[in-house]
Each structure stands twice: as C-alpha cells, then as structure tokens.
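A.B. asks: Here it is: the structure, laid out below.
Read-outs throughout are calculated quantities, based only on the coordinates presented, and are distinct from any laboratory measurement. Just so you know, these numbers come straight off a predicted model, no measurement behind them. Note that each Cβ is placed from the backbone with ideal geometry, even for glycine, and that neighbours are counted across all protein chains shown.
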Amino acid sequence: MSLFWRIFLLNAVVLGAATALLLWAPVTVSVPVLLTEAVILVGGLAVMLVANAALLRWGLAPLVRLTRRMTTVDLLRPGQRLPEHGTGEVADVIRTFNAMLDRLEQERVASSARVLIAQEAERRRVAQELHDEVGQSMTAILLSLKRAADTAEPPLRDELRLIQEATRSGLDEIRRLLRRLRPGVLEDLGLVSALTALAGDFATHTGLVVRRDFDADLPPLEPGTELVVYRVAQEGLTNAARHADAETVTVRLRRVPGAVELSVTDDGRGVGRLSEGAGIRGMRERALLVGASLEVLPAASGTGTTVRLTVPVPSTAPAPAAGTPPGGAPAAGAPPAPPGPEPSDAAPPDAQDT
C-alpha cells in the first residue's frame with residue numbers, strides 16, 4: 001500500500017469512528033452551546049487527535065526506522081540492513097536504501113583495496129630507499145670511523161668511539177624502521193615467525209611484557225591475508241604502547257571453526273566511550289579487504305582492551321604439509337587481498353628473539 005493511501009485510510013478510520021458516534025450516540029448540540037456539551041465535544045476532539053496520532057505513528061514507523069538507520073549506518077561495519085516486506089513507496093524506499101548500502105560497501109572495499117595497495121607499495125619503496133641509500137651510507141661511515149679510531153691517538157680515539165656508537169645506534173634504528181615498513185620475515189618465514197619477531201621487537205623497544213599464544217595447526221592463508229593479520233597485530237600493539245598505559249599485552253593466534261582468530265589484549269585503561277580513531281578505522285578497512293570482521297571489546301579480565309580479528313578460511317583449504325610452517329603457504333580459493341610484502345635481502349637480526 002502506498003504511503004498516500006495508508007495515511008488517507010488511517011484518517012478515514014478516525015473520522016468514520018467520530019461520525020458513527022455522532023450518529024448513534026445520544027448527543028445533542030444546543031444553540032448557544034451549553035458548558036456540558038462543549039466539554040463533551042472538546043473531549044471527543046482530544047480522543048480523535050490522540051487516536052489519529054497513534055495510528056499515524058504506527059503507519060509511519062518504517063520511515064522512522066529508515067531515518068534512524070541512515071543516521072547510524074557505518075560502512076566499516078557491513079551488513080546493517082532494514083527488513084524488506086510489504087509493497088508501496090515505503091517498501092520501495094527501504095529496498096532502494098539497502099541496495100545503495102550494498103553498492104557503497106562494494107565501492108568502499110574496492111577503494112580501500114586501491115589505497116592500501118598503494119600504501120604498501122609506498123612502504124616498500126621508502127624501505128628500499130632507506131636500505132639502499134641511508135643504510136649503506138651509514139654503514140660506510142661506521143667502517144670509516146672504525147678505521148680512523150684504530151689509528152687515532154687516545155684522546156681522539158675515545159671521541160671517535162663515541163661517534164661510532166652513536167652511528168651504530170642510528171643504524172640499528174633505521175633497521176628497526178625497515179622491519180616495520182617492510183616485514184620481510186613475513187615472506188621468508190611465515191606469519192607465526194613474523195608475529196614472534198614483531199612481539200620481540202615491541203617488547204625490546206617499549207618495555208611492555210608481550211606474551212604470545214599461537215596454535216600449532218593454523219591453516220594456510222593467502223599472502224595478502226597474512227599481511228592484513230600482521231598489520232592489525234602491529235597496530236594493536238602500537239595502540240597498547242601509546243594510548244592504553246598497559247604493562248602486559250597478549251597476542252593470540254588460534255584456529256576456530258571456519259576461521260583464524262587474532263586477538264591483541266592489554267591490561268590498560270580500556271577504550272571507554274572514546275570515539276574510534278584513525279588506527280582502529282584503518283584496521284577495519286584492512287579487515288573488510290579480506291572479508292574479515294574486527295571487534296574492539298573490553299578485555300575479559302575487566303580491565304584493558306581486546307582487539308579481535310576473525311579471518312574466514314575456505315572449508316576446502318588443504319591442511320599444511322609436514323614441515324611447512326603454519327600460515328606459510330597460500331590457500332586456494334581465498335578472497336582477493338593486496339599483494340604481500342616483497343622478500344627482504346636477509347632476515348632481520350632479531351627475528352629469532354622471543
């Protein structure tokens with residue numbers, strides 16, 4: 001039924017009921033109107049207005065639900081739809097709105113894929129330039145300082161040694177940035193080894209206690225999916241170190257029915273009612289890219305925050321072969337994802353740290 005006829009019939013019901021009461025009720029109107037008759041007429045008018053308002057509220061309820069959904073919909077949380085039933089303009093508007101959300105979510109995923117692929121390519125380019133230009137130059141300076149210190153007199157030798165140590169510290173910092181920009185260990189050794197190296201690196205440079213809990217029977221994932229899991233873990237650790245005032249962070253990677261679940265849990269102050277920042281929204285965009293879901297929840301212990309990423313795994317994915325590290329091989333039929341990181345020249349020095 002169209003919106004016009006729905007409103008017309010609702011008003012017709014109210015007016016018809018009022019007319020029936022006037023026809024069959026023992027009510028008369030004098031001239032001039034008596035006080036008791038005026039009270040009855042005003043009461044009847046009030047009843048008509050209340051009944052009309054209640055019926056209109058019921059009739060326009062679908063539009064109210066549509067307006068509420070329009071103001072709260074978030075494309076980073078897909079699947080928010082209104083039930084489609086009935087005919088007429090209201091049902092057509094709801095169906096059109098749901099179709100528009102489908103199209104917008106698809107376009108958001110496509111645009112996010114292009115942005116993230118370009119971002120990863122830029123990370124690789126910057127990392128390569130740092131490695132080829134700055135890293136090589138600082139290595140040459142370090143060797144020159146060593147030769148100069150070996151032949152210098154004692155007073156100058158001590159100063160050269162100090163400069164040499166400062167240069168070595170700067171070179172180590174550049175190497176750490178390279179590992180964050182381009183996680184070569186992810187390509188070389190697989191997801192579990194990359195997360196182990198990431199946890200060790202954060203524990204070393206932030207002072208946090210980073211605990212790891214990885215299942216041994218993880219299914220294989222596409223390289224792009226592994227990169228999304230790695231980046232979400234990296235962002236979760238970064239948020240815990242910068243904003244949570246946490247002391248301990250636990251990184252878990254486990255197999256659940258039909259999916260792989262990553263969780264990063266800290267014992268900090270929690271998220272409270274703060275609005276989501278660019279970091280969390282960036283994680284949601286990465287999750288959408290591989291068809292995963294991301295939740296930011298209070299920790300089960302009552303304090304802190306849990307970032308949980310659930311990545312669906314095709315049921316036909318083959319089991320890892322003997323001797324293959326978990327997450328080290330791509331799965332057939334997995335959803336499309338951005339290209340994984342390029343292999344690095346060598347594994348990072350602290351890739352074996354725990």
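A.B. asks: If each residue's Cβ is checked for other Cβ atoms within 10 Å, how do MET48, MET100 rank with the fewest at the top? Don't skip to the end; give the middle numbers.
C.D. replies: Values: MET48 16, MET100 11.
Lowest to highest Cβ neighbour count: MET100, MET48.
A.B. asks: With no solvent and one point per C-alpha, what does the Debye sum give as log10 I(q)/I(0) for the range 150-219 at q = 0.23, 0.24, 0.26 Å⁻¹?
C.D. replies: For the range 150-219 at q = 0.23, 0.24, 0.26 Å⁻¹, log10 I(q)/I(0) is -1.03, -1.07, -1.16.
A.B. asks: For the range 163-174, take each phi angle, set θ = phi - 60°, evaluate the Karplus expression 6.51 cos²θ - 1.76 cosθ + 1.60, and give the result in whole Hz per residue in order, putting x for glycine and proline.
C.D. replies: Values per residue, Gly and Pro as x: 5, 5, 5, 5, 5, 5, 5, x, 5, 5, 5, 5 Hz.
A.B. asks: Let me ask something else about it. Which order do the peptides 189-199, 303-313, 59-69 come out in when sorted by mean C-beta neighbours inside 10 angstrom, highest first?
C.D. replies: Details: 189-199: 22.9, 303-313: 20.8, 59-69: 14.3.
Highest mean packing first, the order is 189-199, 303-313, 59-69.
A.B. asks: Compute the length gained on full extension between LEU63 and PHE8: take 0.36 nm times their separation in residues and subtract their Cα-Cα distance, giving the result in nm to one decimal.
C.D. replies: 18.1 nm
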